[in-house]
């Protein structure tokens, strides 16, 4: 099988020095890519600026727009997409060309939404499997189910913000037919194995 | 000699998932701490969430306020401070308790300045040496000299935004008496040696 994996955060620059981002380490995606390769699948891994070094051959991107375009280019090729990435949802309306000086006065940063990667890819889903993640601080399962439906996912792993950057996480795997399975305090390797088991059983 | 080193970026949280930060890797500070230890100095290293793993014994902080308080607590102890850290200069006026939903509409993020760490420490400088860094996209040397004067630094290493997160950098070392020395495409280890040479000659 041909599996496309997206990992890590993206960065949206405010000026040449500062950016908006999040604590995604890339570990979940690296674990999925490794496990998929171990099982003999062909894997392409696209990663943002992760704190962990990515495996050799990884396609590196920085912004959400770059990640969308890298995934779009490879989506037609794949049989399954595992979207562990946490692209920045908002970007500054403009990137200042010079470093913004600290004035001592409050400032306002105008933010605009970035492209919704999963929504964009889901539009030409075809027979591909889409596995996504939902990171929610509140109403986790309800919101993850809504996201799964809106973005035509076949499996969603719902977890809390503490999971970002951590070695272990508690995730709840949800499927459109009402399936629900919780892995408590699981290593990202164990979560990856469970996701690959599920993909293997579906195809 | 007792040397306090600060390294890495800080993070200022927007909500439980997103933050403002910068691309500082911590490498410059780790190189200074290592080199200082190699020369027999006693070293305390305080680091933000760096992409490189910090040496054992490092005091970890996350926000600019936490970095200020960790440095304040140890500033009285030291003979020299090497401030390679790039604390976030701005923080969201408030941190949202729940993950902010992506609405598709532009939003505004109100930013307030964070405490100025070097300015706060410089107030009780005494006979301590202060080595700082200036990261500027424009008017580099002029701004670095102004920063040196305002923050009572004894040595400032001026560099461009490309230096953040990179393995090599071109830095210009400036002293209040008009001294100026440029290291071109230098590794961070080489810059660290030069800074430690300078500290050794001054004390």
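For residue A:62, the conditions (1) within 14 Å of the chain's Cα centre (by Cα); (2) over 25 Å from residue B:19 (Cα atoms); (3) surrounded by fewer than 21 Cβ atoms within 10 Å (Cβ to Cβ) are fulfilled apart from (2).
Being at pLDDT below 95, within 20 Å of residue B:118 (Cβ to Cβ) and surrounded by fewer than 13 Cβ atoms within 10 Å (Cβ to Cβ) is a property that residue B:139 has.
From A:75, A:90, which residue is in contact with a strand residue (DSSP E or B) (Cβ under 8 Å, 6 or more places away or on another chain), farther than 29 Å from residue A:201 by Cβ and either at pLDDT 95 or above or within 14 Å of chain B (Cβ to nearest Cβ) (or both)? The conditions single out A:90.
Checked against (1) away from chain B (no Cβ under 11 Å); (2) within 30 Å of residue A:190 (Cβ to Cβ), residue A:95 passes all but condition (2). Among the residues of region B:35-49, those identified as on the phi < 0 side of the Ramachandran plot and either surrounded by fewer than 17 Cβ atoms within 10 Å (Cβ to Cβ) or more than 14 Å from every other protein chain (Cβ to nearest Cβ) (or both) are B:35, B:36, B:37, B:38, B:39, B:41, B:42, B:43, B:44, B:45, B:46.
Here residue A:52 clears all of (1) touching a residue at least 60 places away in the same chain (Cβ under 8 Å); (2) surrounded by fewer than 20 Cβ atoms within 10 Å (Cβ to Cβ); (3) touching a helix residue (DSSP H, G or I) at 6+ places or on another chain (Cβ under 7 Å) except the condition numbered (1). Scanning region A:1-25 for residues that are at pLDDT below 95 and part of a loop (DSSP other than H, G, I, E, B) yields A:14, A:15, A:16, A:17, A:23, A:24, A:25.
Residue check: residue B:37 meets all listed conditions (1) touching a residue at least 12 places away in the same chain (Cβ under 8 Å); (2) not in a loop (DSSP other than H, G, I, E, B) but one, namely (1). The listed residues are B:172, B:187, and the only one of them that is closer than 30 Å to residue B:124 by Cβ, surrounded by fewer than 19 Cβ atoms within 10 Å (Cβ to Cβ) and touching a helix residue (DSSP H, G or I) at 6+ places or on another chain (Cβ under 9 Å) turns out to be B:172.
Within this structure, residue A:154 fails the test of being modelled with pLDDT under 95 and crowded, with 17+ Cβ neighbours inside 10 Å. Sub-8 Å Cβ pairs linking a first residue in region B:188-203 that is farther than 16 Å from residue B:154 by Cα to a second residue that is part of a loop (DSSP other than H, G, I, E, B), at least 6 apart or interchain, are B:188/B:167, ordered by first then second residue. Looking only at region A:5-34, filter to residues that are crowded, with 24+ Cβ neighbours inside 10 Å, in contact with a helix residue (DSSP H, G or I) (Cβ under 7 Å, 6 or more places away or on another chain) and more than 19 Å from residue B:109 (Cα to Cα); which one of those is nearest to the other protein chains (Cβ to nearest Cβ)? Step by step, filter region A:5-34, then rank; the result is A:8. Counting only strands (runs of 3 or more DSSP E) that sit completely within region A:149-202, those holding 3 or more residues that are within 14 Å of residue A:129 (Cβ to Cβ) correspond to A:155-159. Among the residues making up region B:106-134, those that are within 11 Å of chain A (Cβ to nearest Cβ) and under 22 Å from residue B:175 (Cβ atoms) are B:116, B:119, B:134. Just to be sure before I move on: is residue B:32 under 22 Å from residue B:160 (Cα atoms) and either touching a strand residue (DSSP E or B) at 6+ places or on another chain (Cβ under 7 Å) or in a loop (DSSP other than H, G, I, E, B) (or both) in the structure I sent? When the stated conditions are applied, residue B:32 passes them.
The values are calculated or read from the model by the stated rules, or taken from the named source; none is laboratory data. Please read all numbers here as calculations on a predicted model, not as lab measurements. Because the Cβ atoms are built from the backbone with ideal geometry, glycine has one as well, and the counts that use them run over all protein chains shown.
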